[in-house]
Amino acid sequence: MRKHLKGIRSYVSPKNGKTYTYHRASGLRILGEPMTAQYLAEVRAAETRVKPPISGPPGTLKMVIASYLESHEFRGLKPATRQEYQRIATELSSIGDLVMRELTPADIVKIRDAKLKRRNLTVANKTLALISVLFSYAIERGYANDNPVRHVRKIKRPNNMPRKNRPWKLEEIDAVLSRSHVSIRLPILIARWTGLRQGDVLALRKSDYDGKVIRCQTAKRDVFVVVPVSETLASYLDASDVGSSPTICNNSRGETWTRDGFKTSLFNLIRKLEEEGLVGKGLTFHGLRHTMATDLSELGYDDRTIADMLGQKSEGMAAHYSRDANLINKLAPAISR
């Protein structure tokens, strides 16, 4: 029996010895065991995300995008960053005939402002960031002489603009938990009690929880975190340890959540609660991370303790393992309070 389908890549992390599997074309991580029903379903879902290849005449934006997306620089990015760049690059293909040597800072400003008008501030600034990466890539390969993005500023967030990823209020947490299906409730509870990012919560495997502590490697910062589990969260985690899925958080069908699937389900729930006046605007999953930090700060914990809780310090794997016990002793009182 074949171990993997064509187009699937696996590698063993030298830091923790774990095996990670990815769909090459989309960059999506495959969580299911090789050739199982879950594995095949995840591969099919990843294949639907793959966009047609972008191509164009030498020196054009479209050509540089196509080359960059096939480069080792792009493949070396975190999966979430690759997905984000892929989406923005696809949108940029509409102006792909522009010749990169001819683009000026004024042209870049027009592209940035058009994104702001049609989308939002975040997309506009992320588009700016990707174009800068593309110019750096093009300069190294002789397709451009200068990076005009250096002379273009990001758009600042207006002072009167609602805070992004604001902390959740206690009544908002109660409202969402009371109206959510257990498949949505569990990820929210984990984030609320650990401060983990959405991608890390959804990727948690049953082996990452030993009944008292959650240990996992974060995807964005590649930091090993150790978080003592509160009694409240433990009761939900212990009750969820059923089924054949290797992950803790699963959808209503018992399958591992996809990032987009969970995001859509949570957004639909929050939108309904907004319409009913039960939660305010601007509620996001990432806001739970801010909630954790805010709660600890208000309880009087120092920045180093909060940083340890949120996995903000990057150290070697051996050092992290050696301080597991100290971290548990240090953070357990915080969880208790």
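The values are calculated or read from the model by the stated rules, or taken from the named source; none is laboratory data. Owing to the predicted nature of the structure, the values given are computational and were not obtained by experimental measurement. Glycine also receives a Cβ, built like all others from the backbone with ideal geometry; neighbour counts cover every protein chain displayed. To get the accessible areas, we keep the full protein, side chains included, count just its heavy atoms, and leave off ligands, DNA and RNA. Shrake-Rupley method; radii C 1.70, N 1.55, O 1.52, S 1.80 Å.
Please give the Cα centre distance for the stretch 151-226 versus the stretch 60-88, rounded to the nearest Å.
The two parts, judged by their Cα centres, are 26 Å apart.
Using a simple charge model, +1 on the beta-carbon of Lys and Arg, -1 on the beta-carbon of Asp and Glu, nothing else, what dipole does the stretch 29-186 show about its Cα centre, in debye to the nearest 20?
680 debye
Round to the nearest 10 and give me the degree value, 0 to 90, for the angle of helix 231-240's Cα axis relative to the longest principal axis of the chain.
Rounded to the nearest ten degrees, it is 70.
If you fit an axis through the alpha-carbon atoms of helix 182-194 and take the longest principal axis of the Cα set of the chain, what angle between them do you get, 0 to 90°, nearest 10?
Tilt of helix 182-194: around 90 degrees.
Roughly what would the spin-label model give for Lys164 and Glu102, points 7 Å off Cα along C-beta, in nm?
3.3 nm
If I take R0 = 51 Å and measure r between the Cβ atoms of Ser336 and Arg119 in this structure, what FRET efficiency does the formula 1/(1 + (r/R0)^6) give, to the nearest 0.05? Walk me through the numbers before you get to the answer.
Details: r = 44 Å, r/R0 = 0.86.
According to the calculation, E is roughly 0.70.
Using the alpha-carbon centroid of each, what span in Å lies between the stretch 34-49 and the stretch 234-282?
Cα centroid of the stretch 34-49 versus Cα centroid of the stretch 234-282: 20 Å apart.
Given a 1.4 Å probe and heavy atoms of the protein chains only, how would you sort Met292, Met161, largest accessible area at the top?
The most accessible residue leads, giving Met161, Met292.
Please list, by residue number, everything in the stretch 174-215 whose backbone N is under 11 Å from a paramagnetic label point 7 Å out along Cα→Cβ of Lys78.
Within reach of a label on Lys78, which here means backbone N under 11 Å from a point 7 Å along Cα→Cβ, the stretch 174-215 contributes 197-200.
Using alpha-carbon pairs under 8 Å, 6+ residues apart, how would you state the relative contact order of the stretch 98-217 in percent?
17 percent
Just one of (1) 22.2; (2) 19.5; (3) 20.5 is Kirkwood radius over Cα pairs in Å as worked out from the coordinates here. Which one is it?
Of the labelled values, this structure produces (1).
At 222 nm, what value in deg cm²/dmol follows for the chain if DSSP H runs of at least 4 each add -39500 (n - 2.57) and the sum is divided by all its residues, to the nearest 500?
It lands at -15500 deg cm²/dmol.
For the stretch 51-202, what is the per residue volume of the convex hull drawn over the alpha-carbon atoms, in cubic angstrom?
154 Å³
Got the relative contact order for the stretch 167-318 handy, in percent, Cα pairs under 8 Å and 6 or more residues apart?
Reported as a whole number, the value is 35 percent.
Defining a contact as two alpha carbons under 8 Å apart and six or more residues distant in sequence, what relative contact order in percent does the chain show? Numbers along the way, then the final one.
Numbers: 415 pairs, mean separation 51.4, N = 337.
For the chain, the relative contact order is 15 percent.
Taking 0.36 nm per residue of sequence separation and subtracting the Cα-Cα distance, how much length would be gained by fully extending the chain between Lys15 and Arg44, in nm to one decimal? All intermediate terms of the calculation are to be shown ahead of the outcome.
On the way: separation 29, 0.36 × 29 = 10.44 nm, distance 2.96 nm.
Contour length minus Cα-Cα distance gives 7.5 nm.
Would you mind checking the tilt of helix 105-118 against the longest principal axis of the Cα atoms of the chain, expressed as 0 to 90 degrees and rounded to 10?
The helix 105-118 is inclined about 50 degrees to the chain.
Taking a 21 Å limit on the Cα-Cα distance, which of the listed pairs Lys62/Lys126; Lys156/Lys263; Lys62/Lys156 fall beyond it?
Table pairs above 21 Å Cα-Cα are Lys156/Lys263; Lys62/Lys156.
Which value, in debye to the nearest 20, gives the size of the charge dipole of the chain about its Cα centre, when Lys and Arg are +1 and Asp and Glu are -1 at the Cβ?
So the magnitude is around 820 debye.
Across bins of 5 angstrom width beginning at 0, how are the C-alpha pair distances of the stretch 259-310 distributed, in whole percent?
4, 18, 20, 16, 14, 13, 11, 3
Of the candidates Arg289, Arg259, Arg141, which one comes out as most mobile in a Gaussian network treatment of the chain with C-alpha springs shorter than 10 Å?
Arg141
Given the options Leu40, Leu77, Leu92, identify the residue whose Cα lies farthest towards the positive end of the charge dipole of the stretch 1-116 (+1 on Cβ of Lys, Arg; -1 on Cβ of Asp, Glu).
Farthest towards the positive end: Leu40.
Based only on Cα atoms, what Rg/Rh ratio does the stretch 159-283 have, Rh being taken as Kirkwood's radius?
Ratio value, two decimals: 0.97.
Could you identify which residue out of Ala191, Ala80, Ala203 has the top mean-square fluctuation in a GNM of the chain using Cα springs shorter than 10 Å?
Answer for the Gaussian network model of the chain: Ala80.
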